[in-house]
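Written below as structure tokens is the structure these notes are about.
The values are calculated or read from the model by the stated rules, or taken from the named source; none is laboratory data. Quantities reported herein were computed from a predicted structural model and do not represent experimental measurements. Glycine also receives a Cβ, built like all others from the backbone with ideal geometry; neighbour counts cover every protein chain displayed.
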Amino acid sequence: MALLKNVVIKADEQTNALIITAAPDVMRDLEVVVAKLDVRRAQVLVEAVIARSAGWAG
């Protein structure tokens with residue numbers, strides 16, 4: 001993909017957002033690309049019990 005003139009893309013880390021300024025036709029293309037990239041990863045819940053025992057003194 002060639003570099004486009006009059007396109008500004010900035011990342012806002014606080015809101016986890018992209019701020020894009022572009023012509024409407026370019027914006028539509030960028031929306032498609034961002035939608036493909038912006039996919040939630042699967043999450044896994046891990047529960048663990050850690051136990052320590054000393055030798056039996058009895």
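For this structure, a couple of remarks:
- Residue check, Val26 at pLDDT 95 or above and in a helix (DSSP H, G or I): no
- Single condition Lys36 does not satisfy, out of (1) part of a helix (DSSP H, G or I); (2) more than 30 Å from Ile9 (Cβ to Cβ); (3) not small (Gly, Ala, Ser): (2)
- Cβ pairs under 8 Å, 6+ apart, first in region 29-58 and in contact (Cβ under 8 Å) with a residue 40 or more places away in the chain and farther than 26 Å from Asn16 by Cα, second of a type in the set (S, T, N, Q) and assigned to a loop (DSSP other than H, G, I, E, B): none
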